[in-house]
1. Quick one: which residues, 5 or more positions from Ala277 or on another chain, have an amide H under 5 Å from its amide H? H modelled 1.01 Å from N in the peptide plane, none for Pro or chain starts.
2. If each residue of separation counts as 0.36 nm, what is the full-extension length gain between Val187 and Gln383 once their alpha-carbon separation is subtracted?
3. Classify the stretch 151-260 as rounded, prolate or oblate from the Cα gyration tensor: take a ≥ b ≥ c as the square roots of its eigenvalues, call it rounded if a/c is under 1.5, otherwise prolate when a/b beats b/c and oblate if not.
4. Grab the eigenvalues of the alpha-carbon gyration tensor for the stretch 209-268, scale each by 5, take roots, and send me the semi-axes largest first in whole angstrom.
5. Give a residue-ordered list of calculated ³J(HN,Hα) values for the stretch 361-371 (Karplus: 6.51 cos²θ - 1.76 cosθ + 1.60, θ = phi - 60°; whole Hz; x for Gly, Pro).
6. Just tell me which aspartates and glutamates come within less than 20 Å, Cα to Cα, of Lys337; anything on the same chain fewer than 8 places away is out.
7. Considering all alpha-carbon pairs of the stretch 291-411, what whole percent are spaced by more than 17 angstrom?
8. Kindly provide the pair-distance distribution of the stretch 77-181 built from C-alpha pairs, with 10 Å bins from 0 and whole-percent values in order of increasing distance.
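What follows is calculated from the coordinates using simple rules that are stated; it is not laboratory data. Computed from a prediction, not measured in an experiment: that's the story for all the values here. Note: ideal-geometry Cβ built from the backbone for every residue, glycine included; neighbour counts use all protein chains shown.
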Amino acid sequence: MKEIIAGISTFFTVAYLILLYPKILSDGGVDFGSALTATILTIVISTIFLGLYANFPALLAPGLSVGPFLVYSVIQKQQATWEIALGIVFWSGLVIFFLSIFKVRQKILLHLPISIKAASIGGIGLFLITVGLKELNILNEPIFNTPNAIVLFGLILFFTLHHFKITTAFLITILSCWIISIPFGYVSYNGIAALPSPVTPTFMKLDLLSSLEFKWFGTLLSVTLICLFDTSASLTALSKLAHKFDKSGKIKDIDRIVIPDGPGSMLGALLGTGTLAFTLESSSGIKAGGRTGICAIVAATCCMIGLFFYPLISSIPYFATVPVLIAIGLFMLTEIKQIRWRDYTESIPAMLTLITIPLTFSIYRGFAFGFVSYALLKGLKGQWKDVHPVCWALAIIFAAHLSWALATKHF
């Protein structure tokens, strides 16, 4: 029963993403209805695969790090067609799949410095808090308004339930905020059910050949690196919450866990959506007690049902999930206690990672600044041997990619 509640909690927390991502793609010329159906089908198939094959309690969904980059930079600024963008997504998924097969991703996860690993989890926590506060638009709106009052109520409700160890705290909080917002006019009724749109406008429309042209190589590299390290950070954070690390510091069943997102991204490109990632919102299900693939399968099943009830799901107000995002962010932020703050070769890279993620809304950039500064400071202090060869290689790759991104204004 706990796994079922956890799966439902995950679904309600991630429901906004199911509607938001197709809207982003539609800004790039992709048909909204087709993108919505493609997104949900990709989530369902890939997450069920993850649950059955890897027994991991997370939901795979198109990531908000790559989608906006492809639409607002590659399509709108660089004049690529959305078909070429989908081709880039496909090849990126294939590269990530091979990196998983040959255990390159596993080595990266295993040899992450403790300070950067802890800072990335804390940075993701700050990122979630920032996302939640940004949704409230507190800088441009009066602080004392109805949505903020409901969010404050939700936070008090959640931490009260959490104190009494109520495993359904996340689900109860979201539903309560949803119900309370009804009399204040924040819930728009769009109907209850509707037939899903066909994927015909986007199915198999990706341009595989044009996306391999040399001028798109930098974009392909960017997408691959962003996916690789966003996923690494998210997977590390979720595994920590789910107690999936063994005594040697390795994620249990890592060889299986990293397999599904690569083929899932390829499937998404074929159907008409973006690259997949482990959703940070899955942490709500994990905190609710999800520990196995059953949680993932339940969340995927809810998404499949949601394909027919998206008018009802779309009535969930934007602020109903904010208390959950803030609470999860606070839980993750506690990881920074593992950082050795007195050692500047550890604390400076950790701080750069910690603050860059929420400030730039990019987990990848946080990793980039963290790795480059970590290797540089260790080298300047003469602690070459303390840096694993994998970290040196990553620092060089990040430095080269950051230089290219700045030179070509892709940053």
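1. Placed amide hydrogens put Ala61, Gly63 under 5 Å from Ala277.
2. 64.8 nm
3. On the way: a/c = 2.75, a/b = 1.28, b/c = 2.14.
In terms of gyration-tensor shape, oblate.
4. 30, 12, 9
5. Karplus values, whole Hz, x for Gly and Pro: 6, 9, 5, 4, 5, x, 4, 4, 5, x, 5.
6. Hits, sequence-local ones excluded: Asp246, Glu346.
7. In whole percent, the long-distance tail amounts to 72.
8. 11, 21, 24, 25, 18, 1
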